Each structure stands twice: as C-alpha cells, then as structure tokens.
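Participant: Quick one: the structure is below, and I'll ask about it shortly.
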Amino acid sequence: MKLAAMFKDVLESFFKKSSTQHYPFVKESPPERFRGDLYYDPSACTGCCLCVKDCPSKAIELVTLDRVAKKFVLKYSMDHCIRCGQCVVNCRFKCLGMSNKDWENAALNRKEFTVYYGKDEDVAQLLGNIAAPVPDAAK
C-alpha cells in the first residue's frame, strides 16, 4: 500500500462519525421478538412437565411439592439455557414465556444464574428441604 493512500485513509477517518456505540451509557432496546430470560406463571401450571421434556439443554426442572394443591417450583439455570424457546412453544397452558427486556446477564459466580420461580412460600419450602441434612438410615 502506498504511503499517500494510507495517509488519505487516516485523514478521512478523523472526520467520520464513530460507528461504535457507548454501550453502558447508551442502551438500545432489543427487538420485539427477542428471546431473553424465561418467566413463569405458577398459577397456570398443571405440572405436566412437557417443558422439561422438550428442553434440549436441560436448563429447567419442575419440582413438584404437592400435585393436588398445585405447588410447583421451576428451577431455571440461565447459564445452561440456549434460548431456543422450545419450552414456551410446548407449554399447553401458556405459563412460560421469554422476556425481551431481561437480557443483560453478568455475575461473578454461578449461583446467581440459578433462579427458582414459584410462589414465595413454595420456593422457601423447597430451599429449606435442600438445605436440611438427610438423616442416616443406619442409625
């Protein structure tokens, strides 16, 4: 490349508008059909587990606390989800959806990527059962 041609390109770049965005300070909204994070409506869920069966990345797990009383907790692993939307498509009762507003996910540890959806008392009961030690059967 000739030195004169390179010098011309350098001068032109000084007067052009920058093509990059100042991301953290200027945010653009995502498209309307953008598939972001999963959301869950526990009142409409019947516990059929079609969403869990059709998830190719095994990112969701439906924990049944009481089927008769319709107590379900959905464990969603954001770091495993590939945002294909297959779970939303196969949900018969439209209790799953994908938000186009929640898409900025960053964390320093993996625990923040596991989200429990459901009624507050059901989630507290599930987390209490997970944290409780299992008694030994040999005693």
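Participant: Hey, any hits in region 12-20 for a residue that's open to solvent by 60 Å² or more (accessible area, probe 1.4 Å), among the small types (Gly, Ala, Ser) and part of a helix (DSSP H, G or I)?
Facilitator: yes
Let's see how each residue does on (1) at pLDDT 85 or above; (2) within 18 Å of ALA106 (Cα to Cα):
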| position | (1), (2) |
| --- | --- |
| GLU12 | yes, no |
| SER18 | no, no |
| GLN21 | no, no |
| PHE25 | yes, yes |
| GLU32 | yes, no |
| GLY36 | yes, yes |
| TYR40 | yes, no |
| CYS45 | yes, no |
| CYS48 | yes, no |
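Participant: Given the residues VAL68, VAL52, VAL10, which is the only one that is of a type in the set (Val, Ile, Thr) and touching a residue at least 12 places away in the same chain (Cβ under 8 Å)?
Facilitator: Only one candidate qualifies: VAL52.
The values are calculated or read from the model by the stated rules, or taken from the named source; none is laboratory data. Just so it is clear, the structure is predicted and the values come from calculations on it, not from any experiment. Neighbour counts are summed over all protein chains in view; Cβ atoms, including those assigned to glycine, are modelled from backbone coordinates with ideal geometry. To get the accessible areas, we keep the full protein, side chains included, count just its heavy atoms, and leave off ligands, DNA and RNA. Shrake-Rupley method; radii C 1.70, N 1.55, O 1.52, S 1.80 Å.
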